[in-house]
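Structure, as structure tokens:
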Amino acid sequence: MKRIKIKELLVSGELGSEILVKGWVRTKRGNKNIVFIALNDGSTILNIQVVAETSLFDENLLRDITTGACIAVTGKLVESQGQGQNIEISATSIELYGKSDAETYPLQKKGHSMEFLRENAHLRFRTNTFGAVFRIRHSMAFAIHKYFNDKGFFYLHTPIITASDAEGAGEMFHVTTFDINGAPRGEDGSVDFKSDFFGRQTNLTVSGQLEGELGAMALGDIYTFGPTFRAENSNTPRHLAEFWMIEPEMAFYDLTDNMDLAEDFVKYLIRYALENCKNDLEFLNNMIDKNLLDRLRFVVENDFVRIPYTQAVEILTASDKKWEYPVGWGRDLQAEHERFLVEEHFKRPVILTDYPREIKAFYMKQNDDGKTVRAMDVLFPGIGEIIGGSQREESLEKLLSRMREMKIPEHDLWWYLDTRRFGTAPHSGFGLGFERLILFVTGMSNIRDVIPFPRTPKNAEF
Ligand code: ATP
Ligand code: MN
């Protein structure tokens, strides 16, 4: 007999039919005559109840069916007599694939802390919460590809190992085959990368944007969706050392087009989740965050506020809040400032534009005021920055003069500058942090709980 997944069974299972299901035991209860098993196979957050009459089964087998054990059940699909489910399986045979010792199984009991589950990241998929989070994560990845494909964007695979530092931030993991105890050195004592694998210094990418721009200057609209790496020592609930980023890059888009796309894109994803992840979202709404569904609907239904950075600084200065970090024109905004604007002042997502050039990357288009650049950050409740983007500087002269001011070596980026030499065009793009999106959509509060195996300072166990 062919196995049926529980998700499918709950939708289209026919009463009275013989079926085979396979999954992991969530709970077992009962008495000496009858045993009730809640079985979950991961296809949905919903369990199927298996009913076994003890007289039909070996006593040892039933004893070994404990929380966490894996079993295959053949039986008849029947109407349920009990509360909480419409259908159940009346078992005729049970095969035990794998026992799960009740004394040592870490998830034997319910109600573990998030910290405990993080330390048991190899097993946390088996909890309702993490099952829901990772099914939603999958749905969001799928929806991202669907959104862009439907709009005629091309998925471009930008390199993971690069020689460039896109942000100029310098917080990179180096890639080398040198023995760390004995890298060859040149006459001045510095490491000589000529004999290293790539013949030069390389690192893990912090962003696919620069390569993405090369694609956009020929294919028109592209997006990347891949892992990025930042060796920043930020132990916050919103930073990972390895995270996934979606970076669309569009020829002929100005900053307004860019904002329109970002807003439409995020709303599409949230709407997709509301329509396609109902059971999981309802569970998270009940168990993790009672305002989750309201918040998701609110974001889909309301326009984002769009204001320049300068106006945001005025609002922050005028408020009588006590800030941990000072506010002032020219200073970067911290999460506390971003969240004040979104959660207390405007009470909806905010897009800030036209930041001071000193706090933004070299490639952003310079405004005529000589002070600001066409940057846009999208700020979300509970998160702060979820998207960072800009219109790009398309003028070779302006780009070069900014690079010289910032001491960014031209010879390393000759290939990037060629896009401005040959057929340059106005263009724009942004980066959405995938895990920050998942934080928002699931209502989880720590970014370590929305990626299967988080990489953070001093943590890479699994
Ligand atoms: P932040 O100020 O929050 O550190 P950033 O200015 O460094 O963000 P960008 O370089 O603009 O961010 O990256 C684009 C997006 O990638 C951000 O809007 C955010 O959603 C996400 N992001 C950035 N750094 C991280 C990180 N360490 N972990 C997870 N997501 C991140
Ligand atoms: Mn950062």
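For region 246-316, the square roots a ≥ b ≥ c of the C-alpha gyration tensor eigenvalues yield an a/c of 1.5 or more together with a/b not exceeding b/c, which makes the shape oblate.
Charge tally for His112 (other residues, Cβ to Cβ under 13 Å; Lys, Arg +1; Asp, Glu -1): +2. Rounded to whole numbers, the Karplus 3J(HN,Hα) couplings from phi for region 425-430 are 8, x, 7, 8, x, 8 Hz, using 6.51 cos²θ - 1.76 cosθ + 1.60 with θ = phi - 60°, and x at Gly and Pro. Remark on region 381-462: hydrodynamic radius 16.1 angstrom, per the Kirkwood mean of 1/r across alpha carbon pairs. The apolar share of the surface of the chain, taken as the fraction of accessible area on carbon and sulfur atoms (1.4 Å probe, ligands and nucleic acids excluded), comes to 50 percent. 3J(HN,Hα) along region 257-264, derived from phi through the Karplus expression 6.51 cos²θ - 1.76 cosθ + 1.60 where θ = phi - 60°, amounts to 4, 4, 5, 4, 5, 4, 5, 4 Hz, with x in place of Gly and Pro.
The amide H of Arg455, built 1.01 Å from its N in the peptide plane, has Ala241, Glu242 as neighbours under 5 Å, considering only residues 5 or more places off or on other chains. Annotation: amide H of Ser100 within the under-5 Å range of Thr66, Ala69, sequence separation 5 or more or interchain, hydrogens built in the peptide plane. Available extension along the chain between Asn149 and Asp264 is 39.9 nm, counting 0.36 nm per residue and deducting the alpha carbon span.
Considering all C-alpha pairs of region 314-397, those separated by over 21 Å amount to 32%. Residue-wise HN-Hα couplings along region 146-151, as the Karplus relation 6.51 cos²θ - 1.76 cosθ + 1.60 with θ = phi - 60° gives them from phi, are 5, 4, 6, 4, 5, 9 Hz; Gly and Pro carry x. Computed over all pairs of different Cα atoms, the Kirkwood value for the hydrodynamic radius of the chain is 25.3 Å.
Relative to the current alpha-carbon distance between Ser195 and Asp368, full extension at 0.36 nm per residue lengthens the span by 57.7 nm. Taking a point 7 Å out from the Cα of Glu79 in the direction of its Cβ, the residues of region 1-22 whose backbone N falls within less than 15 Å of it are 14-17.
For Leu432, what is the net charge nearby, where nearby means another residue's Cβ is under 11 Å from its Cβ and Lys, Arg count +1, Asp, Glu -1?
Details: positive: Arg436; negative: Glu247, Glu385, Glu435.
Cβ neighbours under 11 Å give a net charge of -2.
Taking a probe of 1.4 Å, how large is the accessible area per residue of region 6-98, in Å²?
Heavy-atom SASA per residue in region 6-98 reads 52 Å².
Taking Lys and Arg as +1 and Asp and Glu as -1, the other residues whose beta-carbon sits under 14 Å from that of Arg348 total -1. Applying a DSSP loop filter and a limit of 12 other Cβ atoms within 10 Å to the trypsin sites (Lys or Arg not before Pro) in region 404-459 leaves Lys407, Lys458.
For trypsin sites (Lys or Arg not before Pro), the sites in region 1-68 that DSSP calls loop and that have at most 11 other Cβ atoms within 10 Å are Lys2, Lys32. Across all C-alpha atoms in region 6-98, the radius of gyration and Dmax reach 12.0, 34 Å. Think of it as helices only: each DSSP H run of n ≥ 4 in the chain is worth -39500 (n - 2.57), and spread over all residues that comes to -9000 deg cm²/dmol at 222 nm.
I need the calculated FRET efficiency for the pair Phe298 and Thr104, taking r as the beta carbon distance and R₀ as 30 Å, to the nearest 0.05. All intermediate terms of the calculation are to be shown ahead of the outcome.
Numbers: r = 45 Å, r/R0 = 1.50.
Here the calculated transfer efficiency is 0.10.
Scanning residues 5 or more positions from Ile387 or on other chains, those with amide H under 5 Å from its amide H are Val378, with H placed 1.01 Å from N in the peptide plane.
Site pair Ser445 and Met406 shows an inter-label distance of 3.6 nm when each label is modelled 7 Å from Cα along Cα→Cβ.
A straight chain from Thr27 to Phe173 at 0.36 nm per residue would run longer than the Cα-Cα distance by 48.1 nm.
Normalised per residue, the accessible area of region 315-377 is 49 Å², obtained with a 1.4 Å probe and no contribution from ligands, DNA or RNA. Ile89 sits with roughly 0 Å² accessible to a 1.4 Å probe, with DNA, RNA and ligands left out of the calculation.
The values are calculated or read from the model by the stated rules, or taken from the named source; none is laboratory data. Keep in mind it's a predicted model, so treat the numbers as computed, not measured. Neighbour counts run over all protein chains shown; Cβ positions are idealised from the backbone, glycine included. These area figures cover heavy atoms from the full protein model, side chains too; ligands, DNA and RNA do not enter into them. Shrake-Rupley method; radii C 1.70, N 1.55, O 1.52, S 1.80 Å.
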